[in-house]
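All remarks here apply to the structure that follows.
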């Protein structure tokens, strides 16, 4: 049964303050243990052999020489994993095609991208394991490959999956296609809308894949016992989901796998799915020893999911007085080697900042010879919004209307009918636009070759399955056992703050810990900006259960009716002077007597949290363009966002700043560079250029709080919105600086300089 | 009868039908009825459909009640990063 | 493979270990000495997560061979706090929320301390350029720079 | 793989020339370790030269500066007297990776790695630096611009190594500068690099100049035509324009993941012009 806990406004003591995170000291002293920091006696080192080809049939794999090498204890290939049916299957709340999952973790008939695993070994040392990989003989039949999404959609393009027919097209196509799925969203009549339009702007955009760029490479340690039990330590955004995926592909009982999540060194969506985990368990089973597998940075880039590159077409029609009459988009997304790009979410995010009568969005999910894409912070949304917000900006300029004013005239608000489904509830989009317009940044003077850009973003935010336990200890302190991973944001602190607020006790009385998969029921991933919303709701429910039990216990101990007992400021006390009076009992006093009066007190929540509140953000950026080199420098940045309620404002600011910085990297320099041979040329931090400290200014933040009615503290979630607007905001700023509209991401110096030179040539 | 609206992305699976009225008491009954009426839609319903009941979005909430006069909208499920 | 015997000083302690010539100082710290506070983010000197001090020089432990540590004086994040007392930088990083996932934090703390030892009063720009060799993907660096500048202020007694 | 750390040049040369299989020289190791890890090299012998005093010292005398090939970038940057005399070389050395990398990396290694994009090389070329080579047959000297033959290839013979780099004394009223272009502010490989070293006469006219370019051909280039654009002028706007044109004209770049041909050709001129302006200021200030 789904759970929704309504917002109640009340005076807050702890929520909204800035206590120190419980994981802080361990992280500054080197004591915090991440994926690669776990070891077991007798452990072996596992390594993966990866395809050097973008597309090749695997004719044979000969592992005999590798197995003969002293120190090699096990080798696995496609033959060690069961074939899975071609159907969507549930793992927790994810519907996944396990036929694809098994093939992505270990190639079967074909290698589908440079870096696709084809074999794995476990050996006594890393050196031996590497030597063994070199001894595995793989016979490939190299096939023509395709990595460009537009080329992949053409008839006659090399096919990744000969049996893939475009879904969502009626009647079923006769020929197979790289277009795995076509979907359409919309309402109203766009043709009529464009007829009403007095001004129309139409543009085409292209983006490259970018990687989540977490600094900690995937790392796991697996130990399989002969009795069929497996233990796994891994760096994950969802240990329950990893357990479910491993159980499915290894055909094991879920209860026979115990997953302990390590501290996670960044995920951003990239650690939502298994890569080496099932290989490590299988190697451990065959070798009879624990197996540790840590990816190299090169493997992370070649073998784990980037976000899609895409081709995006946007057309918007408008009246002279700035009312949008029609909006249309086509989103062609790279899925990588297997279907499942976030094009559906991108389609829904494309225009959902505006109140539009006529909308039509077409999305295509296209397989290409690249790594299977993974989620990345607001999956898909930044790509669609780059196109839409660029066109919105150009429209505002054409009409001579201030870009924020233009957005306000068309802004979505409570009651706005979305083109993908429901009407929007109470939201804070307009408030973010007004806060941005009022910010001193928006009116600050600019120098030559400098420009200012604005763009906005929307993300749904989600709830989903969540469990937790809150145990009262003998001395009156509490342990909060959480099932959602604290991926970095500081959610452990936020949960403890909400519990302390409910109980009216100090923050440091509550110790939050993340439990392993055997200590709680299923929890969905920390993804979709759900953790503080859903796990927070669960924590509040558990706290309220504890309070109820405490009231009952005190009523029994003090021999007064339950109605006479109120819980205030961390103690049980008479409701008021009208009820039977009794001497108050503090948490510590009750806890001391608990054992002798019926046993200890605990609260539990097993919920499927519903009622997530959408989040909106408005970003302002100033850039300076070096017209002789095409270099773009970020001078000033301000991120405004409605988060519903900032439980811990410092950690919310951190999310806004980190998301904006990732968006800046995406806009300026990050891209996957492939050669003609379909081989990735920049699988490292030297040539895959994420922003360094000297590339960025301070990132100013403005937190807007329009409470989500469906959360006890009004939380919406905040992690994903801040990465959506930067690409468009920077494109708009560059346009304002040099009068050129850039439609190809990244806006790297060679691209910017080329645009400048071509414009100059055109003038002549 | 509750008013049911399907996201336009589901049109290919319902012969284009996007609006209908059904007497269903909860989400499970809704999915069952729709699946029987439109076999192509079955896979989609399983592959992850969320419902908005009177404006609130529910994911994986099969037992969520649907009132006689409820407005129900089927949309694709949302995950995230 | 013949292994090299190395005796060196880590965080003030005399230690010895055996290593293959190809092993890096990072491998030795993490795998031989079990000092896992120093992290590996790239193995090519591009991320700074493995920053340590060797004879007073800030270096990437992934770009130095373990055999080269013979007779050297090495400092890692494990030696940064004085018993129960955190180094001002460590304290300021927590207070300013300058860490999120924490994987880059040990390297950044070591690098920041090296900066403040040379330059007790750095400008924002000096901090940003000095820390350019330490990648952080979570924070956008804002709170990291704040924390370093505030720690410098406190250490100067200003 | 065997590891040796000889105490003298002679021992090092003996080890290198006497090695059975492949032998690699280890100074800062910031390139060698990456090549080892990736399997690009697999030597049986690793000769660490950091224990050889001559290779670890900076000597200033009447003849100029002699920089030991194993002196780290940070040590060189911290030598204030050297930085005053050869600021353009320090410009380049400062750009060799992060502080962490510069704590290990050496100018000798930057030269011997023979990357076309090596940040210290264009300024060394502009400075007229000589590579001092020691080997089984004794010692020899070579101008930096002739030492590197192509990507990863130098004129070092079997058993030879670079002992040090010799810089002349700086002439009065002269200055040098190096600028490079990279997409990020730090942590990048030069897409284009340009160094200018020029000398002014009493009237502020450029009496001699040398221009070096990096990352625009298979190896760093000495560009006399670019220098000629400055000599005899007051390094005014017109001269700088001719310099830029000459620098661009000398480029023979490739398209790669770091930049396009067109971009490199155009930006080489821009970097040369901007470097010359800085060198000019430094020359005026320098007595």
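Elements of the type strands (runs of 3 or more DSSP E) sitting completely within the range D:103-190 and holding at least 1 residues that are surrounded by 24 or more Cβ atoms within 10 Å (Cβ to Cβ): these cover D:130-135, D:148-150, D:161-167, D:174-181. Annotation for the range A:73-89: at least one member residue is more than 24 Å from residue A:300 (Cα to Cα), buried (at least 18 other Cβ atoms within 10 Å of the Cβ) and more than 31 Å from the chain's Cα centre (by Cα).
If I ask for residues that are farther than 23 Å from residue A:625 by Cα and either part of a loop (DSSP other than H, G, I, E, B) or within 8 Å of another protein chain (Cβ to nearest Cβ) (or both), which ones from the range A:660-685 would you list? If you could, list the steps in order and put the result at the bottom.
We begin by selecting, within the range A:660-685, every residue farther than 23 Å from residue A:625 by Cα; these are A:672-685.
Selection gives A:672, A:673, A:675, A:676, A:677, A:678, A:679, A:681, A:682, A:683, A:684, A:685.
Checking the range B:45-52 against the condition returns a match, with at least one residue being more than 9 Å from chain A (Cβ to nearest Cβ) and not in a strand (DSSP E or B). Residue count for the range A:528-547 satisfying the condition of being part of a helix (DSSP H, G or I), in contact with a helix residue (DSSP H, G or I) (Cβ under 8 Å, 6 or more places away or on another chain) and within 14 Å of chain B (Cβ to nearest Cβ): 2. Residues considered: A:211, A:187. Of these, the only one that is within 14 Å of chain B (Cβ to nearest Cβ), under 30 Å from residue A:392 (Cβ atoms), within 23 Å of the chain's Cα centre (by Cα) and surrounded by 17 or more Cβ atoms within 10 Å (Cβ to Cβ) is A:211. Counting only strands (runs of 3 or more DSSP E) wholly contained in the range A:258-342, the ones carrying 1 or more residues that are closer than 30 Å to residue A:181 by Cα and more than 14 Å from chain B (Cβ to nearest Cβ) occupy A:310-318, A:324-336. Filtered by the rule that a residue be under 30 Å from residue C:138 (Cβ atoms) and out of contact with any helix residue (DSSP H, G or I) (no Cβ under 9 Å at 6 or more places or on another chain), the range A:246-270 gives A:266, A:267, A:269. Residue check: residue C:86 meets all listed conditions (1) away from chain D (no Cβ under 14 Å); (2) touching a strand residue (DSSP E or B) at 6+ places or on another chain (Cβ under 6 Å); (3) under 25 Å from residue C:15 (Cβ atoms) but one, namely (2).
Inspect the range A:380-392 for any residue being closer than 30 Å to residue A:105 by Cα, outside any helix (DSSP H, G or I) and touching a residue at least 60 places away in the same chain (Cβ under 8 Å) and give the result as yes or no. Before the answer, list the steps.
Initial filter on the range A:380-392 (closer than 30 Å to residue A:105 by Cα): A:380-384.
Next, from what is left, pick out any that are outside any helix (DSSP H, G or I): A:380.
Next, from what is left, pick out any that are touching a residue at least 60 places away in the same chain (Cβ under 8 Å): A:380.
Yes, the conditions are met somewhere in the range A:380-392.
Pairing each residue of the range B:23-34 that is assigned to a loop (DSSP other than H, G, I, E, B) with any residue that is surrounded by fewer than 15 Cβ atoms within 10 Å (Cβ to Cβ), provided the two are 6+ apart or on different chains, yields C-beta distances under 6 Å for B:23/B:1.
One line per residue, one yes/no per condition, for (1) buried (at least 24 other Cβ atoms within 10 Å of the Cβ); (2) in a loop (DSSP other than H, G, I, E, B); (3) within 10 Å of another protein chain (Cβ to nearest Cβ):
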site	(1), (2), (3)
A:709	no, yes, yes
A:722	yes, no, yes
A:732	yes, no, no
A:755	no, no, no
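Taking the residues in the range C:47-83 that are surrounded by fewer than 19 Cβ atoms within 10 Å (Cβ to Cβ) and more than 9 Å from every other protein chain (Cβ to nearest Cβ) as candidates, determine which candidate is farthest from the chain's Cα centre (by Cα). Step by step, filter the range C:47-83, then rank; the result is C:71.
Mind listing just one residue for me: the one in the range B:60-81 that is facing chain A (nearest Cβ under 7 Å) and not in a loop (DSSP other than H, G, I, E, B) and, of those, farthest from residue A:464 (Cα to Cα)? Quick ask: steps written out before the conclusion?
Start the filter on the range B:60-81 by keeping residues that are facing chain A (nearest Cβ under 7 Å), which leaves B:60-61, B:63-64, B:73, B:75-76, B:78-81.
Keeping just the survivors that are not in a loop (DSSP other than H, G, I, E, B) gives B:73, B:75-76.
On the way: B:73: 18, B:75: 16, B:76: 14 Å.
Once the filter is applied, the top-ranked residue is B:73.
With the structure loaded, tell me whether residue A:591 is modelled with pLDDT of 95 or more, crowded, with 19+ Cβ neighbours inside 10 Å, not assigned by TED's automatic domain parsing to the domain that holds residue A:714 and not in a loop (DSSP other than H, G, I, E, B) or whether it fails that test. Here the answer is yes, as residue A:591 does meet what is asked. The residue list A:65, A:36 contains one member that is surrounded by fewer than 22 Cβ atoms within 10 Å (Cβ to Cβ), part of a helix (DSSP H, G or I) and either away from chain C (no Cβ under 14 Å) or in contact with a strand residue (DSSP E or B) (Cβ under 7 Å, 6 or more places away or on another chain) (or both), which is A:65. Filter the range A:687-703 down to residues that are more than 7 Å from every other protein chain (Cβ to nearest Cβ) and under 17 Å from residue A:723 (Cα atoms) and give me whichever is farthest from the chain's Cα centre (by Cα). The qualifying residue farthest from the chain's Cα centre (by Cα) is A:697. When residues of the range C:126-158 are filtered for being within 22 Å of residue A:659 (Cα to Cα) and in a helix (DSSP H, G or I), how many remain? Adding up the residues that qualify gives 13. For the range A:1-25: of the residues being touching a strand residue (DSSP E or B) at 6+ places or on another chain (Cβ under 8 Å) and not in a loop (DSSP other than H, G, I, E, B), which is nearest to the other protein chains (Cβ to nearest Cβ)? Only one residue fits best here, namely A:2. In the set (1) within 14 Å of chain C (Cβ to nearest Cβ); (2) part of a strand (DSSP E or B); (3) surrounded by 24 or more Cβ atoms within 10 Å (Cβ to Cβ), the condition left unmet by residue A:635 is number (3).
Can you tell me which of D:34, D:67, D:41, D:13 is closer than 29 Å to residue C:5 by Cα and not in a helix (DSSP H, G or I)?
Numbers: D:34 fails: not in a helix (DSSP H, G or I); D:67 fails: closer than 29 Å to residue C:5 by Cα; D:13 fails: not in a helix (DSSP H, G or I).
Going through D:34, D:67, D:41, D:13 in turn, just one is closer than 29 Å to residue C:5 by Cα and not in a helix (DSSP H, G or I): D:41.
Touching a helix residue (DSSP H, G or I) at 6+ places or on another chain (Cβ under 6 Å), crowded, with 17+ Cβ neighbours inside 10 Å and modelled with pLDDT of 95 or more - does that describe any residue in the range A:163-172? No, there is no match, as no residue in the range A:163-172 is touching a helix residue (DSSP H, G or I) at 6+ places or on another chain (Cβ under 6 Å), crowded, with 17+ Cβ neighbours inside 10 Å and modelled with pLDDT of 95 or more. Could you tell me whether residue C:107 is modelled with pLDDT of 95 or more, within 14 Å of chain A (Cβ to nearest Cβ) and under 25 Å from residue A:20 (Cβ atoms)? Yes: the conditions hold for residue C:107.
Mind checking which helices (runs of 4 or more DSSP H) fall wholly inside the range A:72-177 and carry at least 3 residues that are over 30 Å from residue A:362 (Cα atoms)? Walk me through it before giving the result.
Working: elements: A:98-105, A:126-135, A:149-153.
Filter on the range A:72-177 gives A:126-135.
Hey, among A:550, A:520, A:525, which residue is more than 14 Å from every other protein chain (Cβ to nearest Cβ), surrounded by 18 or more Cβ atoms within 10 Å (Cβ to Cβ) and in contact with a helix residue (DSSP H, G or I) (Cβ under 7 Å, 6 or more places away or on another chain)?
On the way: A:520 fails: in contact with a helix residue (DSSP H, G or I) (Cβ under 7 Å, 6 or more places away or on another chain); A:525 fails: more than 14 Å from every other protein chain (Cβ to nearest Cβ).
On inspection, the qualifying residue turns out to be A:550.
Taken together, the residues in the range A:643-656 that are touching a residue at least 60 places away in the same chain (Cβ under 8 Å) and either under 18 Å from the mean Cα position of the chain (by Cα) or part of a helix (DSSP H, G or I) (or both) amount to 8.
Looking at the range A:595-604, which of the residues that are surrounded by fewer than 24 Cβ atoms within 10 Å (Cβ to Cβ) and in contact (Cβ under 8 Å) with a residue 12 or more places away in the chain is farthest from the other protein chains (Cβ to nearest Cβ)? Checked the range A:595-604; the qualifying residue farthest from the other protein chains (Cβ to nearest Cβ) is A:597.
The values are calculated or read from the model by the stated rules, or taken from the named source; none is laboratory data. Since we're looking at a predicted model, the values are computed, not measured. Note: ideal-geometry Cβ built from the backbone for every residue, glycine included; neighbour counts use all protein chains shown.
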